[in-house]
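Take a look at the structure below.
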Amino acid sequence: MTNRRRPATARTTPVVANPTPRRRVARGGAARPERVAAISAATLPVLPPLVPVRLDFRQTRTFPLARRPSKVDTSLLGQALEPGLSFAAWLDRLPHILAAGDLRHAVDVIAEARRRGRGVALGMGAHPIKVGLNPVIVDLLERGVITSLALNGAGIIHDFEMAVAGKTSEDVGPGLDRGRFGMARETGSILNRVIREAARDGLGLGHAIGRHINRRRYPNRAASLLGSCARLGIPATVHVALGTDIIHMHPSADGAAIGATSLSDFRQLASVVAGLAGGVYINLGSAVILPEVFVKALNLARNLGHRVRPLTTLDLDFLRHYRPGVNVIERPTSAGGRGLRITGHHEILFPLLAQAVLERLALRQPKSAPRR
């Protein structure tokens, strides 16, 4: 027998006119947007119309200006300036309002803290070094106004290069294009060697670099922050984030040594912060590293029984950043003290603060500014 194909038979499934189309589902099980919109619109309740409010402006109430509290009055106004004023006279003629008032208050608390034997700790990024502030800071260290110093990892780069070569801060763009950025031989080899030796000897990073700068008698060591701290016996700590500094690119970098020496410095900073009750902490130009390190050092000090209050904190930078705001200004002073923020270029603002503090310390009694 020959197998023959069976003839096609008529469809047995009844055909329904205008069948309801199946709901198409997109990938992931979601319905098509137009279908969802249609369903949502169908289920919305009928909303009442908005009734406009009609105001009778003839009934507006006023009250005498004399009864209104005001934030500014003539006692707070600045005074006219004239040629030949002394710095103290110029400062005294500033308005007693906003940043000028905060500057006066910062000057008063720094001067009073030092008169009473309390600490004034300076934590800073590397930018103040790059804009020429080392001589100003060294002078404050020598006068005993600043009692401790904390730097980020970049700080040792620029401080070391200034001491050794009298110059620092390369142009990153062209060097990066050719892979030459950060590859100066002496900077990497010498600093990494000093860090390895410090780890071997159980020293902190800041003290080891400062001691090396002085022992080698580098030509510009007088302008070195770390060299000055080592010479004066002032605590100097360095707080490193691995991978952020140019010397970490060099084959001589030793992560274990960097970590050990920086951890030693963190513990030393916690000891410094533990003694800041009635003192001042200044954050100069560090947006992330030093504010984070400071708040942990403060917490560790309080964990070990040191209340560290009252505490005045001061943030000086040309931009206002999140971490200094919360980790320097707000949280550390919430239990007692005051946080101040003064915004401006480092190379102008910090010398103004320094000179104002020196003027205040030269007076027998602090001159407090009116506060509103």
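Quick note: the coordinates plus some simple rules give every number you see, no bench work behind them. This structure is a prediction, so every number in the text was calculated from the model and none was measured. Cβ atoms come from the backbone with ideal geometry, glycine included; neighbour counts cover every protein chain shown.
Things worth noting here:
- Computed over region 87-362, the convex hull of the alpha-carbon atoms projects to a mean area of 14.6 nm².
- Proximal aspartates and glutamates to LYS167, defined as alpha-carbon separation beneath 19 angstrom and excluding residues fewer than eight positions away on the same chain: ASP159, GLU186, ASP245, GLU347
- You can think of it this way: the chain between ARG320 and PHE87 has 81.1 nm of extra reach, that is 0.36 nm per residue less the Cα-Cα gap.
- Taken over the alpha carbons of region 93-162 as equal point scatterers, the Debye sum produces base-10 log I(q)/I(0) values at 0.13, 0.18 Å⁻¹ of -0.48, -0.82.
- Peptides 52-61, 112-121, ordered by how many other C-beta atoms sit within 10 Å of their residues on average, highest first, read 112-121, 52-61.
- Sparsely packed loop sites in region 217-317 (the trypsin sites (Lys or Arg not before Pro) outside DSSP H, G, I, E and B with at most 15 other Cβ atoms within 10 Å) comprise ARG217, ARG307.
- Here r is the Cβ-Cβ distance between ARG185 and ARG267 and R0 is 35 Å; the resulting FRET efficiency, rounded to 0.05, is 0.60.
- In nm, spacing of pseudo-spin labels at LEU77 and ALA99 (7 Å Cα→C-beta vector): 2.2
- Summed over qualifying helices (DSSP H, 4 residues or more, each -39500 (n - 2.57)) and divided by its residue number, the chain shows a 222 nm mean residue ellipticity of -13000 deg cm²/dmol.
- Span from the region 106-121 Cα centroid across to the region 258-273 one, whole angstrom: 24
- When peptides 353-362, 206-215 are ranked by their average number of other Cβ atoms within 10 Å per residue, the highest-first order is 206-215, 353-362.
- Taken about its Cα centre, region 87-362 carries a charge dipole of roughly 660 debye when the Cβ of each Lys and Arg holds +1 and the Cβ of each Asp and Glu holds -1.
- Highest-first packing order for the peptide set 320-328, 274-282, 124-132 is 274-282, 124-132, 320-328, based on the mean count of other beta carbon atoms within 10 Å.
- Compared with the dominant principal axis of the Cα atoms in the chain, helix 33-43 is inclined by about 80°.
- For the pair ARG178 and GLU142, label points projected 7 Å from Cα toward Cβ lie 3.9 nm apart.
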